[in-house]
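Take a look at the structure below.
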Amino acid sequence: MGRPDPEEGQLPAPVKPPDGGWGWIVLFGCFVITGFSYAFPKAVSVYFKELMKDFHVGYSDTAWISSIMLAMLYGTGPVCSIMVNQFGCRPVMLIGGLLASAGMILASFTTNIIELYLTAGVLTGLGMALNFQPSLIMLGTYFDKRRPLANGLAAAGSPVFLSSLSPLGQVLLEKFGWRGGFLIMGGLLLNCCTCGAVMRPLDMGMKRKMGKAQDKYEAKEMLPIGGKSEEGISTTDGTKKAKKAKKKPKKGKKLLDFSIFSNRGFIIYTISKFILVLGLFVPPILLVNYAKDTGVPDTEAAFLLSIIGFIDIFARPACGMVAGLKWVRPHVAYLFSFSMLFNGLTDICSARASNYTGLVIFCVFFGISYGMVGALQFEVLMAIVGSQKFSSAIGLVLLIEAFAVLIGPPSAGRLVDALKNYEVIFYLAGSEVVLSALFLAVASYCCLNRGKKKEPPPENNPSAGGGSDTEEAESDVQEAEEHSSDNHQPAHSTDNTVVAANEEANHVAEEQSGEGGGCPAGDREVLARDGCNADQTVERDSF
């Protein structure tokens, strides 16, 4: 996918998503990729203490490894979009899996922290980015009706892998040390190549084959039985190829489609997502230290994150099922806005929690709302831009989010150091999330829904281009004229072709004259090309 068709020089029409079949294998691959992409940078933190001892650095220095991974995951979005549009999803994912694995394997042989930044940070982060974005694109290709559920199930990979990789990393650290743990983790990342291998592109040539078979069938029905019918079929195929050669465009698909910025819905979504990311990740990052400062023991404080992860596992698929309901899916943007509002109010209401019970209640509600946000964020983007432009849209959105990721959590940490008060941070983070929710809901209602209401209703005038039947009829007549004009040399075959073309043109013109509200029968050629004039349209509307 994402490459120009070598035969026609243009992008083939996309095949209808199967909503099942091999798509479930693609969904499982996306589940694994999502788990590695979001959970791996957090799971690496298990090795930080050993890295501090061996390299004689501080905690902030080792924390840059996870930060670089996340920055590569978000910041290289446009690069991933260009590569996907140029080479397709499967090759990009295979290369990404090899880079991610090679980064961790090389990191096990490093001798200083800078080498760790370049291997485990840059190389592994780039590899996971080249896997994450194409997997979401393929998921949108295979699912349409069940896409909200598919997105919810794929997003559940993040909490599942986070609850698995962290204990596994601790076991590997105790038995093999951090170098052996990095080496084994690099081997596990080779599974990304397996997930990339199952991302089989849909057969884009299926529609062309069906169309060619249908043309031959119609030619057999129109032409007399005998030797001349075969000649007529070959003549029809020849005119089809000549028509395709005339319509062959010179330009293929853009490597990065910036035209999506003309979509008001995309602009609204991008601004809202930037504000959201400023405060979304702050509470789970500061939660453990906040609990310790209130007097909660270390083991119980660490268990709070496990509660969030456990609730998140079930919240994401459940929210995906709700978003897929017929009466909910047309309004999925408002459901996304509600989930962000729910998350922000949870942060604000829990800012004054002073005991362990209050923090547990906060974790339950935060896990539900956080899971809803994670399940809906990419579904809303797919609904806004469509599957054809999703590869460019997600790359640009992730790039913009990268700036918010680098601003939000570090700023919150500095405020904690300056104020020595977590309550203000929770209020601030919750307010940012609430603001993003209100902006998305209000802007979507005012700029999109009202804009649709102000648009005048489409007239019944065929020349306005509002009816697909008229456009098909016009193309059929033009095609018949081309058939009759391009085949003058072989007289024994062109006679039959011209007769069939004239019959098709007359049939279409008669249908349009019956629907055109009184167009003269002598002006069939004008009707087929230009439609009825404005006076006739006014008379029909007034009638």
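The values are calculated or read from the model by the stated rules, or taken from the named source; none is laboratory data. As the structure is a prediction and not an experimental result, all values here were calculated from the model. Using ideal geometry, Cβ is built from the backbone for each residue, glycine included, and neighbour counts are taken over all protein chains shown. We work out accessible area using only protein heavy atoms, side chains counted, and drop any ligands, DNA or RNA first. Shrake-Rupley method; radii C 1.70, N 1.55, O 1.52, S 1.80 Å.
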- [ ] Over the residues of segment 257-450, compute the C-alpha Rg and express it relative to 2.2 N^0.38 Å.
- [x] 1.06
Open item on the list: Along the Cα→Cβ direction, 7 angstrom out, place labels at Leu168 and His56. What is the inter-label distance in nm?
Closed with: 3.5 nm
- [ ] Would you kindly find the accessible area of Thr299, with a 1.4 Å probe and non-protein molecules such as ligands, DNA and RNA excluded, rounding to the nearest 10 Å²?
- [x] 110 Å²
Task: Overall Cα dimensions of segment 150-193 - principal axes, largest extent first, Å - done: 38, 22, 8
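Compare the peptides 122-135, 309-322, 152-165 by average per-residue count of other Cβ atoms within 10 angstrom and give them in order, highest first. Before the final figure, lay out each step's value.
Numbers: 122-135: 27.4, 309-322: 20.8, 152-165: 22.9.
Most protected by this proxy first, the peptides run 122-135, 152-165, 309-322.
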Task: ³J(HN,Hα) computed for each position of segment 125-140 - Karplus, 6.51 cos²θ - 1.76 cosθ + 1.60, integer Hz, glycine/proline x - done: x, 5, x, 5, 5, 5, 9, 5, 5, x, 5, 5, 5, 5, 5, x
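Using a 1.4 Å probe over the heavy atoms of the protein chains, calculate the carbon and sulfur portion of the accessible area of segment 58-155 as a whole percent. Numbers along the way, then the final one.
Working: 2370 of 3200 Å².
In segment 58-155, the share of accessible area belonging to carbon and sulfur is 74 percent.
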Task: Backbone HN-Hα couplings from phi across segment 410-422 [Karplus 6.51/-1.76/1.60, Hz, Gly and Pro as x] - done: x, 5, 5, x, 5, 5, 5, 5, 7, 9, 6, 9, 7
Task: Table column - 3J(HN,Hα) (Hz), segment 170-184, Karplus curve with 6.51, -1.76, 1.60, x for Gly and Pro - done: 5, 5, 5, 5, 5, 8, 10, x, 6, 5, x, x, 4, 5, 5
Task: Relative contact order [Cα under 8 Å, 6+ residues apart], segment 257-450, whole percent - done: 44 percent
Open item on the list: Give me the tail of P(r) for segment 68-169 as a percent: Cα-Cα pairs with distance above 16 Å.
Closed with: 64 percent
TODO: Sorted from largest down, give the three principal axis spans of the alpha carbons of segment 16-221, whole angstrom values.
DONE: 83, 29, 24
Open item on the list: Could you put His56, His331 in order of accessible surface area, largest first, with the 1.4 Å probe and the full protein assembly present?
Closed with: His56, His331
Open item on the list: For a quick check of your reading of the filter: which trypsin sites (Lys or Arg not before Pro) in segment 316-397 sit in a DSSP loop and have no more than 13 other Cβ atoms within 10 Å?
Closed with: Lys326, Arg352
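Could you put Asp257, Asp347 in order of accessible surface area, largest first, with the 1.4 Å probe and the full protein assembly present?
So, going from the largest accessible area down, we get Asp257, Asp347.
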Open item on the list: Please give the Cα centre distance for segment 157-207 versus segment 43-114, rounded to the nearest Å.
Closed with: 13 Å
